[in-house]
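These notes concern the structure reproduced below.
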Amino acid sequence: MPFFEPGLPELIRTHVASGRLRFTTDIAEATALSDVHFICVGTPQQRGSNAANLSYVEDATAAVARSLTHDGLIVGKSTVPVGTAMRLRSIIGDATPPGISSELIWNPEFLREGKAVADTLTPDRIVIGGTSPRSEATMREVYALPLSTGTPIVVCDLPTAELVKVSANAFLATKISFINAIAEVCEAAGADVSVLADALGHDVRIGRQFLNAGLGFGGGCLPKDIRALIHRSRELGATKAAELLQQVDEINMAQRQDIIQRAIEACGGSVLNRRIGVLGAAFKPLTDDVRDSPALNVAAALHLRGAQVVVFDPEATETARRMFPTLSYADSLDEAVAGADVLLVLTEWEEFRTMDPARLLALVSDPVVIDARNCLDAVAWRAAGWSLTGLGANSREIDVVRELVGAV
Ligand SMILES: NC(=O)c1ccc[n+]([C@@H]2O[C@H](COP(=O)([O-])OP(=O)(O)OC[C@H]3O[C@@H](n4cnc5c(N)ncnc54)[C@H](O)[C@@H]3O)[C@@H](O)[C@H]2O)c1
């Protein structure tokens with residue numbers, strides 16, 4: 001596979017070997033052999049604008065329609081601004097050869113990188129928008145397996161299907177920025193945001209997921225999707241969503257500045273010529289995706305301030321190197337840690353969560369760690385002799401309380 005996704009290579013191998021899965025770069029061959037055509041191409045942020053770049057979706061959809069040799073169902077899966085599918089319908093109407101019937105519906109994708117296989121085989125829900133009775137029946141056949149095990153299906157109109165996806169991402173992004181805003185209050189008030197999040201999470205209306213204070217969200221979806229929604233809602237004159245998500249985006253980006261500032265402070269006011277070990281480059285664990293990665297963003301910013309930054313990631317070193325070739329990359333955790341004046345934990349890989357603080361102590365120059373994902377056992381690290389800074393916790397207060405509790 002050209003990217004890291006747990007479980008995917010095995011699945012691809014099995015189905016290529018069985019002859020049920022084929023790859024081609026010849027669109028005529030692909031359309032000739034198929035009745036249902038999924039459009040899954042990228043919808044990145046436009047350069048110099050918050051809007052989505054829809055040129056790939058438009059090109060791919062028109063190309064499929066043009067090359068149809070028999071009636072076909074075109075299924076949009078890419079994440080697009082509301083209103084796109086309606087426009088694509090007129091594009092395929094013009095492009096479809098005479099005598100052939102084509103239909104376009106929308107079926108947004110909700111998979112998570114790192115869990116893509118399970119999310120695809122057992123999705124939380126299936127949404128299909130703009131279907132006719134015939135295309136709905138076809139989609140029920142396509143998804144027969146998950147539907148047979150009780151996966152809910154929502155059948156709706158085109159704009160609702162487009163909006164479900166971006167609204168889901170906007171809500172998740174809001175949850176993360178919410179807890180990061182509360183983390184700031186916790187820090188000022190001497191409360192512990194991790195314990196608070198656990199307590200909040202017991203409420204089934206709230207839930208514990210996406211309530212981890214830290215470096216914030218990144219990747220190829222959440223940032224560009226909320227920006228595209230800001231842009232589209234302004235176009236539609238629906239400014240409340242735009243205002244809310246603008247705040248969400250600002251809080252999120254400020255987390256990166258906050259960690260940069262903490263690293264500068266940990267180095268005594270300047271990172272110039274200081275050795276900084278960066279653990280994590282991927283935007284989250286279990287992926288090698290570094291698109292808009294907060295970890296890589298922080299590493300690059302410290303490098304630009306003159307720090308000697310050495311980055312280690314269990315899977316994303318090569319993708320990170322392609323994006324930021326000027327940074328130094330380590331082949332192992334120990335190599336990144338060796339001689340560090342400050343250690344930054346920026347992606348919560350299991351390998352980092354379970355590091356042995358006593359063993360690493362002997363490798364560093366200064367035992368200072370900034371846990372930007374609140375993923376380390378702060379008590380164990382401090383007990384091993386490290387100065388540890390997390391987010392949203394009045395660390396000293398907590399230590400004092402824990403010592404008192406221990407004494408009692
Ligand atoms: N990555 C995710 O976790 C995820 C989850 C849900 C939805 N989505 C959405 O799915 C879409 C794709 O996301 P991605 O992360 O896979 O993007 P990506 O950039 O990694 O992949 C897009 C692929 O489309 C190919 N492509 C572009 N134009 C083409 C054309 N005309 N014909 C054939 N191929 C073409 C590119 O070469 C690339 O391989 C986006 O709209 C994204 O928002 C992504």
J(HN,Hα) series, the range 134-141, from Karplus relation 6.51 cos²θ - 1.76 cosθ + 1.60, nearest Hz, glycine and proline x: 5, 6, 4, 4, 4, 5, 5, 6
Entries of Lys115/Lys165; Lys77/Lys284; Lys77/Lys175; Lys240/Lys284 with Cα pairs more than 19 Å apart: Lys77/Lys284; Lys77/Lys175; Lys240/Lys284
Long-range HN-HN contacts of Ala52 with modeled amide H, under 5 Å: Gln46
Antiparallel DSSP beta bridges within the chain, percent to nearest 5: 10
Built amide H within the under 5 Å cut-off of Ile276, gap 5+: Gln308, Val309, Val310, Asp341
The range 96-153: trypsin sites (Lys or Arg not before Pro) falling in loop per DSSP and having at most 15 other Cβ within 10 Å: Arg112, Lys115, Arg125
For the chain, built as a Gaussian network whose Cα springs stay under 10 Å, the top-fluctuating residue of Gly237, Gly83, Gly218: Gly237
Qualifying chymotrypsin sites (Phe, Trp or Tyr not before Pro) for the range 1-91 [loop in DSSP, other Cβ within 10 Å: at most 14]: Phe3, Phe23
Trypsin sites (Lys or Arg not before Pro) restricted to DSSP loop in the range 148-215 with at most 11 other C-beta within 10 Å: Arg205
Cα-centre dipole for the chain with unit charges at Cβ (Lys and Arg positive, Asp and Glu negative), debye to 20: 600
Shape category assigned to the range 10-156 from the gyration tensor of Cα positions, a/c cut at 1.5: rounded
Met86 accessible area, 1.4 Å probe, all protein chains in place, Å² to nearest 10: 110
Other-chain or far-sequence residues with amide H under 5 Å of Leu286's (modelled H): none
Ellipticity estimate at 222 nm from DSSP helix runs (n ≥ 4, -39,500 (n - 2.57)) divided over the chain, nearest 500: -14500 deg cm²/dmol
Estimated vicinal HN-Hα couplings, Hz - the range 153-169 in sequence order (Karplus 6.51, -1.76, 1.60; Gly, Pro = x): 10, 10, 9, 8, 7, 4, x, 5, 4, 5, 6, 4, 5, 5, 5, 4, 5
Förster-model FRET efficiency, 22 Å R0, Leu8 and Val41, C-beta, rounded to 0.05: 0.75
With Cα atoms, 0 to 90° folded angle of helix 8-17 axis to the chain main axis: 30
Karplus 3J(HN,Hα) series, Hz, for the range 110-127 with 6.51 cos²θ - 1.76 cosθ + 1.60 (x for Gly, Pro): 10, 4, 10, 4, x, 10, 5, 5, 4, 5, 7, 6, 9, x, 5, 7, 10, 10
Dipole of the range 43-92, positive direction: furthest Cα of Ser90, Gln45, Val57, with charges on the beta-carbon: Gln45
Cβ-based net charge around Asp341, under 15 Å, with every Lys or Arg adding one and every Asp or Glu removing one: +2
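The values are calculated or read from the model by the stated rules, or taken from the named source; none is laboratory data. Keep in mind the model is a prediction, meaning the values are calculated, not measured. Here Cβ is always computed from backbone atoms with ideal geometry, including for glycine, and neighbour counts include all displayed protein chains. Calculation scope for accessible area: heavy atoms of the full protein, side chains included, ligands and nucleic acids excluded. Shrake-Rupley method; radii C 1.70, N 1.55, O 1.52, S 1.80 Å.
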